[in-house]
Structures are given as C-alpha cells and as structure tokens.
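Asker: Have a look at this one.
The values are calculated or read from the model by the stated rules, or taken from the named source; none is laboratory data. None of these values were measured; they are calculated from a predicted model. Please note: Cβ atoms are built from the backbone with ideal geometry, for glycine as well, and neighbour counts cover all protein chains shown. In case anyone asks, the SASA skips ligands and DNA or RNA and just uses the protein heavy atoms, side chains included. Shrake-Rupley method; radii C 1.70, N 1.55, O 1.52, S 1.80 Å.
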Amino acid sequence: MQSGVRLDETDESLLALLRRDARLPIAQLAKELTIPRGQLYSRLARLEEAGIVAGYTVRLGEAYAAGRIRAHMMIKTAPRWHREVESALEHIARVQAVHAISGEYDIIAMLEAEDSRHLNDLIDDIGILEGIERTSTSVILATKLER
C-alpha cells in the first residue's frame with residue numbers, strides 16, 4: 001500500500017460501512033465492528049491522516065439519478081495536450097470525473113446532464129476543445145453496482 005498504512009480486517013470493514021453510509025454514528029460503527037468508540041476514533045484519525053479516508057460525501061440516490069442522463073466519454077488527445085485537456089475538463093461543471101487510462105484513448109470523462117439535449121450539447125462542447133483528436137461516448141443505461 002502506497003500510504004505505508006497497513007489495513008487489517010477491522011479497517012476494511014470500517015471502510016465498507018462508511019462507503020455504504022458515511023453518516024453512521026460513531027456509536028453504531030463501534031457496535032457493528034465490536035470495538036470501543038475510542039479505538040474507532042483512533043482508527044478513523046489514522047485513516048484520515050494517511051489519506052486513505054479523504055472525506056465524507058453524499059451519494060445521490062435513484063430519485064435524483066432518474067432525472068439525469070449519464071455517459072462516459074473516451075477521449076484521445078493530441079500529443080503533449082493531455083494536461084491541457086484535463087484542465088479544460090475540470091472547468092466544465094457537468095464533467096463529474098476524469099480518469100487517465102491506458103490504451104487507444106487517453107482519458108475517460110464521466111458526464112452528467114439534465115436530459116439528452118443537454119448531454120448532446122456537452123459532448124459537442126468537449127469535442128471542440130483544443131487538443132482533442134477524437135472521442136467516443138457511451139450513454140449509461142442502468143447502474144448495476146456502485147460503491
């Protein structure tokens with residue numbers, strides 16, 4: 001592990017519980033893990049300091065997702081334009097994530113829009129960014145598992 005922190009079974013279980021619901025009270029986490037609350041606080045502090053737990057966030061539910069359309073866009077950049085394209089994508093609010101990848105394409109951008117018209121506009125806006133050679137976009141029809 002790059003952080004130098006070794007995770008034991010309790011740490012892994014704690015991370016799984018937090019991924020499922022980051023708002024679980026400390027008392028409930030400690031009870032489910034069968035460890036004292038003081039030990040749980042220490043574990044959380046260690047995981048946060050090591051950068052393993054970077055923050056606590058909201059995972060949007062089906063009621064929100066049902067009114068949105070999501071897609072992933074694979075992007076091939078021109079030579080030496082990778083960083084500039086990543087930077088440009090960071091400034092587009094409807095781009096939810098940017099991943100560097102290996103293979104034929106250089107980047108996968110996760111997109112989210114209100115409807116297909118807005119998604120089409122977003123795809124067009126990204127496609128004309130300087131440094132992009134070509135793109136390939138797939139609309140996400142259904143999410144089967146997300147952690």
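Asker: Within region 24-68, can you find the residues that are open to solvent by less than 60 Å² (accessible area, probe 1.4 Å), under 30 Å from residue 116 (Cα atoms) and without any contact (Cβ under 8 Å) to a residue 12 or more places away in the chain?
Answerer: Within region 24-68, 61 is the sole residue that qualifies.
Asker: OK, next. Please go through region 4-23 and pick out each residue that is of a type outside the set (Asp, Glu), open to solvent by 50 Å² or more (accessible area, probe 1.4 Å), under 22 Å from residue 145 (Cβ atoms) and in a loop (DSSP other than H, G, I, E, B).
Answerer: The one that is of a type outside the set (Asp, Glu), open to solvent by 50 Å² or more (accessible area, probe 1.4 Å), under 22 Å from residue 145 (Cβ atoms) and in a loop (DSSP other than H, G, I, E, B): 23.
Asker: Is it fair to say residue 71 is among the small types (Gly, Ala, Ser), buried (at least 17 other Cβ atoms within 10 Å of the Cβ) and over 24 Å from the mean Cα position of the chain (by Cα)?
Answerer: For residue 71, the condition - among the small types (Gly, Ala, Ser), buried (at least 17 other Cβ atoms within 10 Å of the Cβ) and over 24 Å from the mean Cα position of the chain (by Cα) - is not met.
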